[in-house]
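Quick note: the coordinates plus some simple rules give every number you see, no bench work behind them. The structure displayed is predicted, hence computed values, not measured ones. Positions of Cβ are backbone-derived with ideal geometry, glycine not excepted, and every protein chain shown enters the neighbour counts.
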Amino acid sequence: MTSPQNASAGSRFPKGARAFPHRDLIGISSLERHEILYLLAEAEQYVAFNRQAAKHSEQLAGLTIINAFFENSTRTLLSFEIAGKRLGADVVNMYAAQSSVKKGETLIDTAVTLNAMRADAIVIRHGSSGAVGLIANHVDCPVLNAGDGQHEHPTQALLDALALRHKLRERGNEAEDFTGLTVTICGDILHSRVARSNVLCLQALGASVRLCAPPALMPVGVERMGAQPFHDFEAALEGADVVMMLRLQNERMDGQYIPSPREYRHLYGLTPERLALAREDAIVMHPGPMNRGVEIDSAVADMATRAIITSQVEMGVAIRMACLDVLTRKARGVVGWGEGEWV
Amino acid sequence: MKQVRPLSITGGTLVTPDGLVDGTLRCDAGLIVPGDVQDGDEVVDAGGKLVAPGLVDLGVFAIDKPAFHFGGITRAALMPDLSPPLDHPARVRFMAQSGKPDMWVHPLAAATQGLEGQQLAEIALMREAGARAIATGRKWIGDSGVMLRLLQYAAMLDMVVVTHAEDAGIAGKAAATAGEMATRLGLPSAPKEAETLALARDIALAEMSGARIHARQVTTREGLDLVRQAKARGVAITAGVTPAHFMLSDLAMGDYRTFTRLSPPLREEDDRQAVVEAIGDGTIDVIASGHDPRGPEDKNLPFADAAPGMAGAETLLAMTLTLVRDGVIDMVRAFDLLARNSARLLGVGAGALEEGLEADVALLDPEAPWIVDSREMAAAAGNTPFDRQPAQGRVTMLWKGGVAIDL
């Protein structure tokens, strides 16, 4: 069995904790370009590691990781759980439907409780924007944001970047970042934390980002974040190198935003015909879960050479392993990551 | 407590409606009286400081005496948004007595039962019980038919209706104004036109019914334009604002600080500037605190889940004085905004240093520096959006009806 190696040794990134001087991972917005690249570089070793038959290391042995999910999740929770277990940590899942928490204990009391149980890292998903940052202010260990409201979902953006990079490499493009690429993100931008994190991450890595949604699902001011807004999906697809589809987040909608799924597909569904408007070999992404026949047709989702939707899931585990590894280095006393070395 | 001995405040500069006057203010039997110091008067030397009317705060959500007195507030109009709401004469009568003798509370009658915007409340009976005006609360009355009948009724009773200008359908569950900041923070947001629409309708209905309306908070450029135009046409509308909307823009919500979660929410910088202009040109008539102390159980939450509102009584005067220092308004107008205009709207004999009015007086050092500290507030809770901000201007002595209040 090959144990993952410390890829940062001898790399061009700053030494020790200066490569990633953050206690928590709350959002892409607080990361510099080189810090994003560092996490991607650290994740590469786990991609290879995860492809072995025996994929267990003892790197985080003895550490307790709590996955506190205040909102429904299947894939993200599973991905974080697998990531922690493969690194040898004791992983505990706390699934608290938001309603039951709202009835009694406040979020901060819950956070303090988790802290008192001496977690070494806490992974949190919560339905309110800013909630994960709020918890981070009340605990002593690293906090990873697994999605907060409509704010950010940083590991999703990182895994998307990693999956995209792998696909580009497979095609012989060895560039470190995405300079020159045009990425079209289409769907319920308003309610999507994935879109926000991806806009920030893709732009930090040099891509230009187009956002496409009907007016009611397009947040105000995206152009001031550097993204180009579109309402016409076909115009947004024109010449795009990457097309990322998002689902409609019906559970977040306060009121009716579109008449029907059928009508939505008519205007914004990614069909093979529409995909033909993008670059000839344009890459198709989707963070899942997909609604086949609504925002994406099966014929597109299953294109083996172009859709990297399952690769996104695979990269998710590697990215989360890298994040857990990097953020617990201080607690584990990894050389160069000790006390007083945070910026 | 009644004033037992006449009081003369000498050696100060009086802030009167006609200008700043160096001289003596004499109070007897609870009222401001003409003349100079007389034998037997209790004499207080103002030491060259300002002698100003006690503030009349039009629109607070809690009776919080220590905070009001710190801020030089001697009268406050209490919004009906209590639990249960002020929609019953007995509750109005009780609240009207609740601050006496050293703080007068003027309850605002709930416009509709339970503030639900459907059935008119017993407004005339509440007036009898001491309600000084009517308020729709922190909600907009969505049904225009109900609003029209309310305004017709209020016009008959000659009572001002204090409105909340936020179209409920557009505002929804918004915690922020739609814009770059809300998008970056991922907060549920509503376009600022929620205010424009609500104001446009209310102005039209006020014009129809002849009622007097006071839009408690007008916070957008377009909303202020509507008020300006309506005033020019002779509509009986007045407008107010709180310091949050002329001191802060939505940038202050960064880091999800829930002390900046307000209703209506903070606006973009252009709107903040429009509010400052509107204070300068007279479109805005009243600056109020919107005082709403909220403890950690309401504020130590994710932004959108937190209750809106700020503890504003202590900072009301100091923040308004920044407008004087910036040359937007002069000192006389500052006290028109803080006291005189709201007293007139409420129909109470106070709010100015004029003969025959109630001797609610503040001695003010307009330059005294201090730092706002949410941990050390006089208010019941420290939810100020101005935390750690340097401020200038402090009340050093305060009299209600000629009787000194311990500060």
- Residue-averaged beta-carbon neighbours from other chains (10 angstrom radius) around A:212-222: 3
- Task: Have a look at the protein assembly as shown and give its Rg and Dmax from the Cα atoms, expressed in angstrom.
- Result: 30.4, 102
- Query: Can you pull the three principal axis extents for the Cα set of the stretch B:190-231, in Å, largest first?
  - Reply: 30, 17, 16
- Taking the Cα atoms of the stretch B:1-79, report the difference between the largest and smallest coordinate on each principal axis, in whole Å and largest first. 42, 29, 20
- Task: Place the peptides B:338-344, B:71-77 in order of packing, highest mean first, counting for every residue the other Cβ atoms within 10 Å and averaging per peptide.
- Result: B:71-77, B:338-344
- Counting each DSSP H run of 4 or more residues in chain A as -39500 (n - 2.57), what helix-only mean residue ellipticity at 222 nm follows after dividing by all residues, to the nearest 500 deg cm²/dmol? -10500 deg cm²/dmol
- Under unit Cβ charges (Lys, Arg +1; Asp, Glu -1), what dipole magnitude, rounded to 20 debye, does the stretch B:225-280 have relative to its Cα centre? 320
- Note on the structure: Among B:P308, B:V146, B:F386, the residue whose Cα sits farthest towards the positive end of the charge dipole of chain B, when +1 is placed on the Cβ of each Lys and Arg and -1 on the Cβ of each Asp and Glu, is B:V146
- Task: Taking the dipole about the Cα centre of the stretch B:54-351, with the C-beta of Lys and Arg at +1 and of Asp and Glu at -1, give me whichever of B:T283, B:L266, B:G71 is farthest to the positive side.
- Result: B:G71
- Query: Charges only on Cβ, +1 for Lys and Arg, -1 for Asp and Glu: so what's the dipole of the stretch B:54-351 about the Cα centre, in debye to the nearest 20?
  - Reply: 660
- Percent relative contact order of the stretch A:154-312, based on C-alpha pairs within less than 8 angstrom and at least six residues apart? 24
- Item | chain A: equivalent-ellipsoid semi-axes (sqrt of 5 x gyration tensor eigenvalues, Cα, Å) | 32, 24, 18
- Item | the stretch A:142-191 - convex hull of alpha carbons, volume per residue in Å³ | 111
- Query: What FRET efficiency, computed as 1/(1 + (r/R0)^6) with R0 = 51 Å and r the Cβ-Cβ distance, is obtained for A:H138 and B:D36, rounded to the nearest 0.05?
  - Reply: 0.25
- Message: For a quick check, take a GNM of chain B with Cα springs below 10 Å and name the residue from B:R138, B:R375, B:R257 with the largest mean-square fluctuation.
- Response: B:R375
- If you place +1 on the Cβ of every Lys and Arg and -1 on the Cβ of every Asp and Glu, how big does the dipole about the Cα centre of chain A come out, in debye to the nearest 20? 460
- Item | Two-site FRET efficiency, B:E277 against B:L407, from Cβ-Cβ distance with R₀ of 30 Å, rounded to 0.05 | 0.30
- Note on the structure: At the level of C-alpha centres, the distance separating the stretch B:191-238 and the stretch B:67-116, in angstrom, is 25
- Message: Students often forget the sequence filter, so: which lysines lie under 25 Å Cα-Cα from B:K2 once same-chain residues fewer than 8 apart are removed?
- Response: B:K65, B:K100, B:K400
- Query: What number comes out for the charge environment of B:G130, summing +1 per Lys or Arg and -1 per Asp or Glu over other residues with Cβ under 15 Å away?
  - Reply: +3
- Item | Space enclosed by the convex hull of the alpha-carbon atoms of the stretch A:106-259, per residue, Å³ | 131
- Query: Between Rg and the Kirkwood Rh of chain B, both from Cα atoms, what is the Rg to Rh ratio?
  - Reply: 0.96
- Message: Quick check: net charge around B:G254, other residues with Cβ under 12 Å of its Cβ, Lys/Arg +1 and Asp/Glu -1?
- Response: -1
- Please find, in a Gaussian network model of chain A (springs between Cα atoms separated by less than 10 Å), the residue of A:L267, A:L31, A:L200 whose mean-square fluctuation is greatest. A:L267
- Cys in the protein assembly as shown lacking any partner Cβ under 4.7 Å -> A:C141, A:C201, A:C323, B:C27
- Query: Which whole-Hz ³J(HN,Hα) couplings does the stretch B:284-291 yield from phi under the Karplus relation 6.51 cos²θ - 1.76 cosθ + 1.60, θ = phi - 60°, glycine and proline marked x?
  - Reply: 8, 9, 9, 10, 10, 8, x, 3
- Peptides ranked, highest mean first, by Cβ atoms within 10 Å: ranges A:289-302, A:205-218, A:48-61: A:205-218, A:289-302, A:48-61
